[in-house]
C-alpha cells in the first residue's frame, strides 16, 4: 500500500512560498512558508503534519492492541507534540511527545499499559521517526 503527497516551493527560504497537496484531496494547495514554520504566522507546516500523522497512527494502533487484549475503547484522544530543534548546522525533529486519554469502562489497567507501550513502539509513524518518543497515557 502506497500513499502520496506533493509539495511545490517557489522562491528563496525566507521570501518563498509553498503548497502541499495529498493525492486523496484532503490537502489541496495548502500554503506553507518560512514564517508559518519558524515564526508565529498561523498555518500549517511539515512538523504539524507529522504530529497529526503520529497522533492518528498511534490512536489506531492502540485500538488494535486494546482489541487484542479484549478491550474496546469508547474513545481515544491523542495529541502529538513534535519538537524541531537546531542540531549541528541544521534542524532535526528530535522528539514527539504523545498524550493520550482513553475511555474504557472497567479496563484492565495492566493490559491497558501493555497496549499503550506496544502502540507507542509499533505504530508505523513511530517506526519512521528517528526521534525520542515519549508518552503520557491515562484512562478516563
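The residue 108 and residue 30 beta-carbon pair, evaluated with R₀ = 30 Å, returns a calculated FRET efficiency of approximately 0.10.
The angle separating the long axis of helix 46-68 from the principal Cα axis of greatest extent in the chain is about 20 degrees. Each part reduced to its alpha carbon centroid, the range 89-104 and the range 1-36 end up 22 Å apart. Computing P(r) over Cα pairs in 10 Å bins from 0, in percent for the structure here picks out one of [x] 12, 42, 34, 12, 1; [y] 12, 44, 38, 6; [z] 11, 34, 31, 17, 6, 1, namely [z]. Taking 66, 128, 84 in turn, the Gaussian network model of the chain (Cα-Cα springs below 10 Å) assigns the largest fluctuation to 128. Across the range 25-55, the residues whose backbone nitrogen lies under 17 Å from the label position 7 Å along the beta-carbon direction of residue 13 are 33-40, 46-47. By how many degrees, 0 to 90 and rounded to 10, does the Cα axis of helix 109-122 deviate from the longest principal axis of the chain? Its long axis makes an angle of about 30 degrees.
For the chain, the mean residue ellipticity at 222 nm estimated from helices alone is -10500 deg cm²/dmol, where every DSSP H run of n ≥ 4 contributes -39500 (n - 2.57) and the total is divided by all residues, rounded to the nearest 500.
Bear in mind these aren't lab numbers, they're just calculated from the coordinates by the rules spelled out. What you see is a predicted model; the values in this text were computed from it and never measured. Ideal geometry is used to build each Cβ from the backbone, glycine not excepted, and the neighbour counts take in all protein chains shown.
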